[in-house]
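For reference, the structure discussed in these notes is given below.
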Amino acid sequence: MIVTLLGTGTSSGVPLIGCACDVCRSIDFRDKRLRTSVHLDIDGKSFVVDTGPDFRQQMLRTGIQRLDAVLFTHEHKDHTAGLDEVRAYNFLQGQDVPVYAHQRVLNQLQTEYAYIFAEKKYPGIPRLQLNEIRNEPFEIEGVLFTPIDVLHHRLPVFGYRIHNFTYLTDLNYISDEELEKVYGTRILVLDALQIEPHISHFTLEQALALVERIRPEQTYFVHMSHKIGLHREVEKRLPPSIRLGYDGLKIEL
């Protein structure tokens with residue numbers, strides 16, 4: 001499996017429009033963060049988790065030529081706003097692209113992208129095959145995905161475990177029962193928004209505390225805002241087994 005962090009930023013991205021803080025003015029490429037998303041290359045199959053507003057740019061930058069399925073964590077716009085760009089893969093592959101999400105998320109997609117699902121379709125729009133998933137393991141193209149039910153304030157969000165890799169974004173609570181699914185993970189990608197408390201995301205301190213419970217071999221933090229600080233400065237304070245993720249980072253398992 002090759003995991004590529006397509007984006008590691010929060011909903012507004014980094015730099016933030018109109019901000020002149022040290023992080024937003026940084027010339028370190030690791031401080032330039034598109035909206036959070038991840039690509040999974042598993043035995044030659046290509047999966048993307050979430051299609052945020054930067055999806056087109058992320059696909060072009062990474063050079064991903066094929067897309068076998070899209071999975072969604074939840075319905076917030078910073079995770080769904082690039083869905084229209086999936087049509088490029090319809091043209092390349094000559095077939096519908098399967099989409100996997102909770103029924104609540106599928107309903108929201110059908111509302112926000114009503115033209116995609118209209119009875120009379122405009123030529124050239126995305127062609128999608130919607131698949132409902134629940135909090136139970138499911139397979140795509142022979143690959144087993146295990147959803148992990150977490151809370152983003154009061155909104156349920158799905159994380160995913162695939163083999164020895166676990167992806168948890170947009171959360172500030174996980175139950176002991178769901179945490180059982182995560183134990184034994186080699187690589188963990190985890191939400192860590194900023195230093196100060198937040199209503200719906202883990203702070204850096206809270207994320208570190210959860211990592212201490214899970215004890216994976218390696219952890220990468222994502223969904224970071226400019227308030228987390230400069231990449232080079234924050235990493236100095238972290239143990240070697242915990243790093244800040246950055247856009248384009250590839251992880252091989």
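Any read-out appearing in this document is the output of simple, stated calculations on the displayed coordinates, not a laboratory observation. Keep in mind the model is a prediction, meaning the values are calculated, not measured. We place every Cβ from the backbone using ideal geometry, glycine too, and count neighbours over all the protein chains shown.
The distance between label points at Glu177 and Arg56 comes to 4.3 nm (points 7 Å beyond Cα on the Cα→Cβ vector). Loop-located trypsin sites (Lys or Arg not before Pro) in region 57-150 (DSSP state other than H, G, I, E, B) with a sparse environment of at most 12 neighbouring Cβ atoms within 10 Å: Arg66, Lys120, Lys121, Arg134. The count of lysine pairs in the chain whose Cα atoms are under 30 Å apart, excluding pairs fewer than 8 places apart on the same chain, comes to 18. Simple point charges give the picture: +1 on the Cβ of Lys and Arg, -1 on the Cβ of Asp and Glu, and for region 179-224 a dipole about the Cα centre of about 200 debye. Coupling constants for region 199-209 follow from the phi torsions by the Karplus curve (6.51 cos²θ - 1.76 cosθ + 1.60, θ = phi - 60°), and in residue order they are 5, 9, 10, 5, 7, 4, 5, 5, 5, 4, 5 Hz; glycine and proline get x. Shape of region 27-156 from the C-alpha gyration tensor: rounded (a/c under 1.5, with a ≥ b ≥ c the square roots of its eigenvalues). The Cα atoms of the chain cover 55, 42, 34 Å along the three principal axes, with the biggest extent listed first.
Using only Cα atoms, what Kirkwood radius does region 84-218 have, in angstroms?
Values: mean 1/r = 0.0595 Å⁻¹.
Taking the inverse mean of 1/r over all distinct Cα pairs, region 84-218 comes out at 16.8 Å.
For the pair Ala114 and Arg243, label points projected 7 Å from Cα toward Cβ lie 4.6 nm apart.
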